[in-house]
Amino acid sequence: MDRFLAISAVFLPALGLIAQWKQGPFSQEQHQRRLACSLCAFAGIAAAALFVIAFRANAPLASVHLFDWVSLASIDDLQIKFSLRADLQSAAFLCGSNLLACLLLASVNKSPLNVLQLVAVNLLFVSENGVQTFFCWEVISVSSYFLIRENSVSSISRSSYFLIVQLISDLCLLFAVTVLWKQTGSFDYAVIFSKEFIQAVSLENTHSMKAAATFVFFAVAGRLVLLPFTIPLNPAGRFDYRKPVWLIGVVLFPSSLSLLVQLQPVFLASTNYQQLLLLIAGVGVVSGVWTVLQIFGIWTATMASIRFSFERIFDSVVLRPLQLSAMFIQWLERLVSGWALPRLSELVSASMDQTFGVLKTGDVLFYALSVILTATVLVVVLVGMQG
Amino acid sequence: MIQQLIDSFLERIVFLIVLLPVVGAGLVLLFARANPESGRRVAITNSLLSVALVSVMLANFSPHPVSKGGSSPQFQMVTSLRWISTSASLQHREGGLPQLKGEHTSEIQFAPSPRIRIAFGVDGINLPFIVLVSLITLPAILLSTENRASQSGLLYAVLLLFQSSLLGCLAALDVLLFVVCFEASCFLLLILVGYWGKADRQDAVQCAIKMNVASSLCILFGVIGLTMAYSWMTGTEQRPKAELNFSMSHLSMGIPIQRLWSQGTAAIAFWEKHGPWILGVLSLGFIGRMGVFPFHGWFQKLLAASPPGVAVLFCAGFLNLGTYGLLRLVLPAADVLPENAVGSLQWMALIGLLCASLLMLIEQNFIRFLGLATAAHQSFCLLALWTIREIGPLGVMLQVISFGIASTILIGVHCCREANEDQTSTSPSWPNWISIVAVLSLLGIPGLLGFPAKLMMFLGIYSENPVWSFWVLAAGLISAGAWIRMLNRTWLRKSQPQNLSLFTKAIPACFCGLLILLGLVPQLIVSRCEFSVARMMSLRIGNSELTESHFRHADVSEIAHAGYDNFQVPQTADQRPQ
């Protein structure tokens, strides 16, 4: 029963893709919206039931194994499986997210990306290993980019900045997961965050945990476009996204919160990092308030000049050096291919012409004959040596 | 009877896969004389048959092969024909294969002489490469159009021969056959570009010839050095020089096993003295062919001058031969290379990756941009190949397939765009979306094949050196920015031509589906390659205990040198040569 509920709570919204078909019983837009909202409501109810079962059992329920994604048994003994973790925490997240989606789906634009985002967020809540978490995290990034791109009134190139920030966030999470994998040899949270391991790492090797905690911090900061990403690259201010409530309320904020809760043992390695966690929460609150004010256009005018100066700084500090270095490499390449190599090839051609003057007619012929001749001579020499 | 026929067919299927395009080339020339269009149809049918044969091979490929004797052969579906072989060597062969130093040898009546064979087979290392080449030939033929009426069918015939040479190189179990196919593929590529290429082909071909002559010579010298070294290492006191052994299996597996289990002998001293030079020359040859950053100029020019069909086979097939050569011949014995040399190669790959990614930022022409992306991809592969865990090379195999399929889609769609440039609209249509999926796979977005590939390569590189992995991610971010810019300039704005045939539309859609399927279930490839890569890596890292435990796990029970095309290793310590 609990497995059925877990699968329903995660994947039921995916059936909303049926609503995207242009023909059939759900061809009218209001029917499509009703179907999508009903599915989310059912998923929320299933998650609520799961929560009750887990609460009464007072222990994590059995996880649902979906499939083995990668399994390397020979040397590394690396097994990455996709599964659904059913416990109080994941059920609470699933319930909240699905019910909120049920309320908001009626107002957002009808798009498969909404459904994809919701399923990815649900899978993130129930993930049991780092790779599944990273998988869902990156799906959320890309789908958010395309959603913003579809619904933005700003220029297309500006929305690309959002994707870059999200990719930085993805890479930070990848680093965090990889650091933990290097320490334990496993991606499973059950192995990584076992009591013995936490104790051992806390006593002996706190650096890796600190590194992991730092990367998790930057991953969450990038996802929510908090500091240090907020000022030059704020999505709400820069991209004029029409439906920020869905993006922030259903997708970005719950996924970030879930990640912090899932990976919170990495912060236990040092008390400084527990303080950092509080700092994240504080920055999140400030940034959230600022974003809400900006949505209503209160700070837009005053922040415009500040943002403009930060853009200039970002351009001059990051983009220009990148372009300059690329141009420098291109100049070097042209210097080598336009000046050095032709002279070298002239020298080689001159010596080759002297040696193989008869074969001037075709470069291809010359190439083939030279290789065949060299091979023949060497094989004959080898056979002769053996004889 | 029927079962025997089926078994016989399945045993020779790799040979048939290599031979089929040659037969197809003959048929194309025959049919095209009467009607040029029939030549094209024959070529398409031939490539479809090739895909069908590869599917059968894939279905019959065993991830953990066990022979009747309980041993674990390296290659499966082996076909072996005598090519150059004297009677002396054959009679000597009847008494057993070359024996290890220290073993008792009673009667040697004939002087040893080389035995060269036309032998083809498949294992977990060449399997993904063979599948890829077979898959991309069909779009390559579809994208090719004959532009010279007097040469009807010749383009398709040469394309099929090119495919056959690529397959032959990948499936060869004899190093001389490998070298012959390697050079033949290069020769045919130059003919294809030189004859049917774009306006600037002359300069491109000349540039390619110079680079390829250099790398060919390096490969040739390296292979001959490897053969001679193995001959000297396996000699006995009575017969100091064993017969020349050109078996790919013996050369790739035999030398590291000799080195691991013959500590302190003359053989090992010899290999430690000469091995680094041989492997260094061989590596240089293969890296030159890969088109890694400092050596990318020739292939970028050649790619720009290639007709679209040839560009597909060149970019997704030919350039992978260098990667395959490194995997097959260099990596198993690479622990003899000095740390400085390996470090230099890795730094070269890393710098190449960063530079190619930076250059992508300012490149405007799409084909040249794709050339730079290929250089970055090859540098990334080179870096991940040298990692100490098997996960790196396994990731490279996935990445080769991912990049091959994605680049085929991109070249195909770009070709159609150029042909119908006037038909544009404001929103992207479905071929554009397929191109976007291909780009997303190149970026390593989850749900597509590029994701597990890049993840595994990254994990391998991180295991080797965490600092490199940081730079790899930086390069990934830069190239992601460049790809997004290219997307915004091209596929996200303009629409695709709508006058494509259903068949032409179906191929990219199938390729796109393949990217998604393999991205969701990468285990389909990983499980087939894992065993062979693990065997190779256990030799590469030079840990005899690990090697022994790995082969015990594989249930190997036969004594060394049990077959010409399949090298076997001793199971227990008392069977090792002392």
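Once you put a point 7 Å from the Cα of residue B:10 and another 7 Å from the Cα of residue B:509, both along the Cβ direction, what distance in nm separates them?
Spacing of the two 7 Å Cα→Cβ label points: 3.3 nm.
Provide B:312, B:396, A:191, A:64 in ascending order of the number of other Cβ atoms located within 10 Å of each residue's Cβ, fewest first.
Going from sparsest to densest Cβ surroundings: A:191, A:64, B:396, B:312.
Can you give the FRET efficiency for residue B:488 and residue B:365, using 1/(1 + (r/R0)^6), R0 = 22 Å, r = Cβ-Cβ distance, to the nearest 0.05?
Once the sixth-power term is evaluated, E becomes 0.85.
Could you quote the convex hull projected area for region B:291-448, Cα atoms only and averaged over all directions, in nm²?
Projected area, direction-averaged: 10.2 nm².
Around residue B:119, which amide H atoms from residues at least 5 apart in sequence, or from another chain, sit under 5 Å from its own amide H, with H modelled in the peptide plane?
Amide H to amide H, under 5 Å and 5 or more residues apart or across chains, residue B:119 pairs with B:81, B:173, B:174.
To the nearest whole number, what is the average tally of beta carbon atoms from other chains within 10 Å of the beta carbons of peptide B:204-210?
4
May I ask you to derive the FRET efficiency for residue B:214 and residue B:273 from their Cβ-Cβ distance with R0 = 22 Å, giving the value to the nearest 0.05?
0.30
Would you mind getting me the FRET efficiency between residue B:340 and residue A:68? Use the beta-carbon distance for r and R0 = 45 Å, nearest 0.05.
0.65
Hey, what do the phi angles of region B:383-396 turn into as Karplus ³J(HN,Hα) couplings, whole Hz, using 6.51/-1.76/1.60 and θ = phi - 60°, x for Gly and Pro?
Working through the residues one at a time gives 5, 6, 5, 8, 6, 8, 9, 5, 5, x, x, 5, x, 4 Hz.
Could you derive backbone 3J(HN,Hα) for region A:326-332 from the dihedral phi with the Karplus parameters 6.51, -1.76 and 1.60 (θ = phi - 60°), listing whole Hz in sequence and x where the residue is Gly or Pro?
Values per residue, Gly and Pro as x: 5, 5, 5, 5, 5, 5, 4 Hz.
Given H placed 1.01 Å from N in the peptide plane, which residues other than close sequence neighbours of residue B:245 have an amide H under 5 Å from its amide H?
B:231
Using only atoms on other chains, find how many Cβ atoms lie within 10 Å of each Cβ of peptide B:468-478 and report the average.
Neighbouring Cβ atoms belonging to other protein chains average 2 per residue here.
Between residue A:334 and residue B:55, how many nm apart are label points set 7 Å from Cα along the C-beta direction?
Once both label points are built, they end up 5.0 nm from each other.
State, to one decimal in nm, how far the label point of residue A:111 lies from the label point of residue A:3, with both points 7 Å from Cα in the Cβ direction.
For the pair residue A:111/residue A:3, the computed spacing is 3.7 nm.
Can you sort A:145, B:324 by how many other beta carbons sit within 10 Å, fewest first?
Ascending Cβ contact count within 10 Å gives the list A:145, B:324.
Arranged from highest to lowest average of other beta-carbon atoms within 10 Å per residue, in what order do the peptides A:175-185, B:397-407, A:213-223 appear?
My ranking of the peptides, most packed first, is B:397-407, A:213-223, A:175-185.
Report, as an integer, the average count of C-beta atoms from other chains found within 10 Å of each Cβ along B:515-525.
2
Rule-based calculations on the coordinates, nothing more; no lab input. Because the structure is a prediction, the values reported are computed rather than measured. Note: ideal-geometry Cβ built from the backbone for every residue, glycine included; neighbour counts use all protein chains shown.
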